[in-house]
Structures are given as C-alpha cells and as structure tokens.
Amino acid sequence: MNMAIIELRGVKRHYLVGEITIKAIRGIDLNVEKGEFVAIMGPSGSGKSTLMNTLGCLDKPTEGTYVLDGLETSKASPDEFADIRNDKIGFVFQGFNLLSRTSALENVELPLFYDRSGSKLNPKKRAKAALVDVGLGNRLDHMPNQLSGGQQQRVAIARAMVMDPAFILADEPTGNLDTEMTLEVMSLFQDLNDRGKTVVMVTHEPEVAAYTKRVIAMRDGAIVSDTPVKDRRRASEDLADWRKAHALLAGEEGES
C-alpha cells in the first residue's frame, strides 16, 4: 500500500493587491503517493507557480490543509516551517542556483549546514556520495563555470538529494538546457524515480512531461485534468538515439 507524501485538502491561496483579491489557487485537492513522478503544467496565470510555492513550503495556504510526509504544515511555527522545508523537500531550479565561487562538493554540502536535527552526520562524505550518485564523482572540486549546463543541473540535483528529502520539487529544471542536456537530466530524474524517489516537476514543455508518470494540468487556479502518461518515453533511450543521429551527421559532414 502506497503512502501519501503530499496531501492537499481544499487549499486556496488569495492575495490582496490594493483593494483587489487575486484568487491564485481555488480549493485544490491533491494526493501524491510515494514513488510517483508528477508533472504540473498550465499557462501563465494558471496558478502552477503558487501551487509550487505551497508544495515547497515557501508559502502557506489562505485556507485548507497541506500534510507533507505526515506533517501538517499550516500549524508549524516559522522555525518549524523552515526545518520542514530543509528536511523534507529537495529543490531543483531552472537557473541551478549554485554559488559561483564554491566547488561542486561545497555546493552540495550547503543544505547540511542548516540541519538542526543533528541527524545528518559526515556532511562531506554525504555530499561526495550524492555527487557520485549523479555521475559527477570526478568533478568534486570543479567550480560551476568549469561545468556544462547539464553538469551544473546535476550538481543541483545532488544538492537536492543530499538531505534524503521526502520528495524533489523541480521548477522548469530543463528550461536553460539544450536537447542533449535536457535528455541527460530527465534520464537522471527517471533513474532516481525508478529507485523510489518521489519527484514533482513544474514544466511548460509537453515533451518533457512525457518522461513523467502523471500530468496535472491547471487553469484559473484549479486542476482541470489529472491523467497518467500513456506511452511514457525513456530519456536514456532518446538520448542514445540523439547521440547516434548526431554522430552519423557529424560523420557525413566530415566526408563532405
């Protein structure tokens, strides 16, 4: 029997802009079970960013409840809220958000410095293991400007994983990447998910959502569809095909 990592019940988020109330999300019910890989999609203004901020414990609902891995977040104090965010959620952003003058290893160690539980021992060892896990065991001392965009995103994913969070929350994680790097990153997400990690990803790209298992579409602050992905693609296979095609193309250009 699966366990719900995310449970939203009647969640609303309203903002007051001057004298106008903006209803960003309007009474959302949502469950995400352990081991799912979910894409959240929708046009600008659909409420997907507000939903992401709620799921990421960056904002609290105006109404409703959000239970994250068994914890009711709306009742948490500011310090408890911050601890939940650091312990339970691994963030991956479009812009990588790496410290430019800090090595890959030190970037991955960073969340461990905010662990007030004292349960995450040997931060350097944990960070190194996380980088090895994403295929960057030979890039520990490299600075971000010495890494490709795909490698930088891999460092960001290792940083997200180092606390062993309840789930990974990825915001347009391939938005700054070319096709090859996008396929590399999606292959890594699929691999992590295959090993049991829950992933929730916000994306506007249907071709990227095709690598997930479930697509939630939003419009006007509400969920308008929630469907399993049919004919799910494997990013590793598409990456191999892409590289093969480009190797053949390069060979043809070299002969001409």
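Here is how the numbers come out for the structure above:
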{"read-out": "Meets criteria (of a type outside the set (Phe, Trp, Tyr), in contact with a helix residue (DSSP H, G or I) (Cβ under 9 Å, 6 or more places away or on another chain), more than 14 Å from residue 185 (Cβ to Cβ) and part of a helix (DSSP H, G or I)) for residue 155", "value": "no"}
{"read-out": "Selection count, region 70-103, where residues are surrounded by 17 or more Cβ atoms within 10 Å (Cβ to Cβ), within 20 Å of the chain's Cα centre (by Cα) and of a type in the set (Gly, Ala, Ser)", "value": "1"}
{"read-out": "Long-range neighbours under 6 Å by Cβ, at least six apart or interchain, first residue under 16 Å from residue 222 (Cα atoms) within region 18-43, second in a loop (DSSP other than H, G, I, E, B)", "value": "23/221; 24/47; 24/221; 25/47; 25/221; 26/221; 39/203; 39/212"}
{"read-out": "The listed residue being under 18 Å from residue 113 (Cβ atoms) and modelled with pLDDT of 90 or more, out of 70, 64, 90", "value": "90"}
{"read-out": "Selection within region 140-170 - crowded, with 21+ Cβ neighbours inside 10 Å and among the charged types (D, E, K, R)", "value": "154, 159"}
{"read-out": "Check on residue 96, assigned to a strand (DSSP E or B), in contact (Cβ under 8 Å) with a residue 24 or more places away in the chain, within 27 Å of residue 152 (Cβ to Cβ) and of a type outside the set (A, V, I, L, M)", "value": "no"}
{"read-out": "Flag for residue 203 being more than 29 Å from residue 29 (Cβ to Cβ) and surrounded by 15 or more Cβ atoms within 10 Å (Cβ to Cβ)", "value": "no"}
{"read-out": "Looking only at region 230-245, and only at residues there that are of a type outside the set (Asp, Glu) and touching a residue at least 40 places away in the same chain (Cβ under 8 Å), the one that is surrounded by the most Cβ atoms within 10 Å (Cβ to Cβ)", "value": "235"}
{"read-out": "Count of region 199-245 residues which are farther than 18 Å from residue 41 by Cβ and out of contact with any helix residue (DSSP H, G or I) (no Cβ under 8 Å at 6 or more places or on another chain)", "value": "5"}
{"read-out": "Where a residue in region 50-70 is small (Gly, Ala, Ser) and its partner, wherever it lies, is surrounded by 18 or more Cβ atoms within 10 Å (Cβ to Cβ), with Cβ under 8 Å and at least six apart", "value": "56/85; 56/89; 56/91; 56/169; 64/8; 64/11; 64/28"}
{"read-out": "Residue 131 being surrounded by 18 or more Cβ atoms within 10 Å (Cβ to Cβ) and touching an Asp or Glu at 6+ places or on another chain (Cβ under 8 Å)", "value": "no"}
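The values are calculated or read from the model by the stated rules, or taken from the named source; none is laboratory data. Everything numeric in this text was worked out from a predicted model, so none of it was measured. Note that we place each Cβ from the backbone using ideal geometry, even for glycine, and neighbour counts take in every protein chain shown.
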